[in-house]
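Data block below; observations after.
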Amino acid sequence: MINDSMNYKRITIFAKDTQNDMKRFIGHTILILLAEIFLFCPITMSQNNPYKINDQLYSYYQKCNSAIRKPEVLLMADTLFHMAKKKGDVKAQCLALNLKSDHYYFINDINTLLIEKEKVADFARNTPYKQYIFGAWNRIITYYLRNREYDSAIQELKKYQDEAIRLDNPYGIGKSYVRMGDVYYQQRMFRLALQQYKQAVDYYIQTGNEKENFYSYRSISSCYINLQRYEEAEEYALRCLDASVTQSALIQSKLLLFQVTCSKMDSKKADELQKELAQYRAQGVMKGTILENYFTLNGYYYAALGNLDKALAYSDSISDKGLSLAVRYKAFEMAGDFYSAFAEL
């Protein structure tokens, strides 16, 4: 049991809420689709060896990541593990083991992922890098959230928190608040999600781990957007921007700030950010879900301006059918073409 003295080691689980009004449901669906991009979009690290492992090993680790969905990555991970063992780089060994978990996550093999998580944890428990106990575990929780298996996510999160507290591991304890925030967020319980994300922020500050707060700031801003509290959303988007240490994080922060300024109807700031983001797009540095988010937000941006053609053009670039449909609906709605808007539903 978690006693009263453990103010930062406490998670309360509440029941789900529901939405009945159709118009509000459509709006919330759009926001949740955007939220999943923000919440589950991976951060691409820069080329300065952020893990502080041997440079040669880091170079090979990057090659492994580029093949993460291919079966050959399993043998590559073994090779990296043995290379790291020879060099005495224990942290690189943890990363090598974690690669296998990442592979099974990306191919949606939850049963093998659960097995690999235990292998990583068994190794990491005997090293100074106990944070890697929770890396594969985070993948499992994200898998359940993406598949709307909330009960399974909460069960894993309880075990996750118990282990973090037993080890008194700052990364795991702080992250347990973040992941519970994610559980609430995806179920549209934004006020409850805010409480958890803010607990994570406070905990990381008190334990000297402020560098971990980028994700929490981003998530808090997204919560405030959904609650239509745009001034607070902007405050945390700016904190997120300040906490960005990679180009990928910087772009995501600017996309978030772009979303806030569009929501506030601050056309001047929105225009400035839209131009900045267009430059990143022209440089070809936007990839994957970051690029998808760029297309989506631009679709809403031009829909708000009443530029139907550009809004629809951006909607055609969105691979996610739900997001594309939401943008098209909004574009026709803003253009006053309600027949076409409802035809999109």
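The values are calculated or read from the model by the stated rules, or taken from the named source; none is laboratory data. From a predicted model like this one, the values you see are computed outputs, not experimental measurements. Don't worry about glycine lacking a Cβ; one is built from the backbone with ideal geometry, like all the others, and counts go over all protein chains shown. For accessibility, only protein heavy atoms count, side chains too; no ligands or nucleic acids. Shrake-Rupley method; radii C 1.70, N 1.55, O 1.52, S 1.80 Å.
Residues of region 95-114 with backbone nitrogen within less than 12 Å of a virtual label 7 Å along the Cα-to-Cβ line of residue 127, please, listed as ranges.
Correct set: 95-100.
Excluding ligands and nucleic acids, what accessible area in Å² is computed for residue 66 using a 1.4 Å probe, to the nearest 10?
Spelled out: residue 66, probe radius 1.4 Å, area about 90 Å².
Need the full-extension length gain, residue 150 to residue 112, defined as separation in residues times 0.36 nm minus the C-alpha distance. One decimal, nm.
On the way: separation 38, 0.36 × 38 = 13.68 nm, distance 1.98 nm.
Net length gain for the segment: 11.7 nm.
Among rounded, prolate and oblate, which fits region 261-300 when a ≥ b ≥ c are the square roots of the eigenvalues of its C-alpha gyration tensor, a/c under 1.5 means rounded, and a/b larger than b/c means prolate?
On the way: a/c = 3.38, a/b = 1.59, b/c = 2.12.
Oblate shape, in that a/c is at least 1.5 and b/c is the bigger or equal ratio.
Need the C-alpha centroid separation for region 47-86 versus region 152-227, integer Å.
Here the answer is 29 Å between Cα centres.
I need the semi-axes of the equivalent ellipsoid of region 198-237: take the C-alpha gyration tensor, multiply each eigenvalue by 5, square-root it, list largest first in whole angstrom. All intermediate terms of the calculation are to be shown ahead of the outcome.
Values: eigenvalues 88, 13, 10 Å².
So the three semi-axes of region 198-237 are 21, 8, 7 Å.
Averaged over every viewing direction, what's the projected area of the C-alpha convex hull for region 224-285? Give it in nm², one decimal, please. Working shown, then result.
On the way: hull surface 15.9 nm².
With every direction weighted equally, the projected area is 4.0 nm².
Filter the GluC sites (Glu not before Pro) in region 120-184 down to the DSSP loop ones having no more than 15 other Cβ atoms within 10 Å, then list what survives.
Those that pass, being in a loop and sparsely packed, are 149.
Using the Karplus curve 6.51 cos²θ - 1.76 cosθ + 1.60 with θ = phi - 60°, work out ³J(HN,Hα) for each residue of region 54-65 in order, rounded to whole Hz, and write x for Gly and Pro.
Listing the rounded values in order: 3, 4, 5, 5, 5, 4, 6, 4, 5, 4, 4, 4 Hz.
For region 106-145, count the residues as N, evaluate 2.2 N^0.38 Å, and divide the Cα radius of gyration by that value, please. It would help to have the intermediate numbers written out before the result.
Values: Rg = 10.3 Å, N = 40, 2.2 N^0.38 = 8.9 Å.
Here the answer is 1.16, to two decimals.
Tabulate in residue order the Karplus-calculated ³J(HN,Hα) for region 144-160, using 6.51 cos²θ - 1.76 cosθ + 1.60 with θ = phi - 60°, rounded to whole Hz; enter x for Gly and Pro.
5, 5, 5, 9, 6, 8, 5, 4, 5, 4, 5, 4, 5, 5, 4, 5, 4
From the protein chains alone at 1.4 Å, what is the descending order of accessible area for 269, 119, 287, 91, largest first?
Listed by decreasing accessible area, they come as 287, 119, 269, 91.
R0 = 41 Å: FRET efficiency of residue 86 with residue 235, Cβ-based, nearest 0.05? Mind showing how you got there, number by number?
Working: r = 49 Å, r/R0 = 1.19.
FRET efficiency, residue 86 to residue 235: 0.25.
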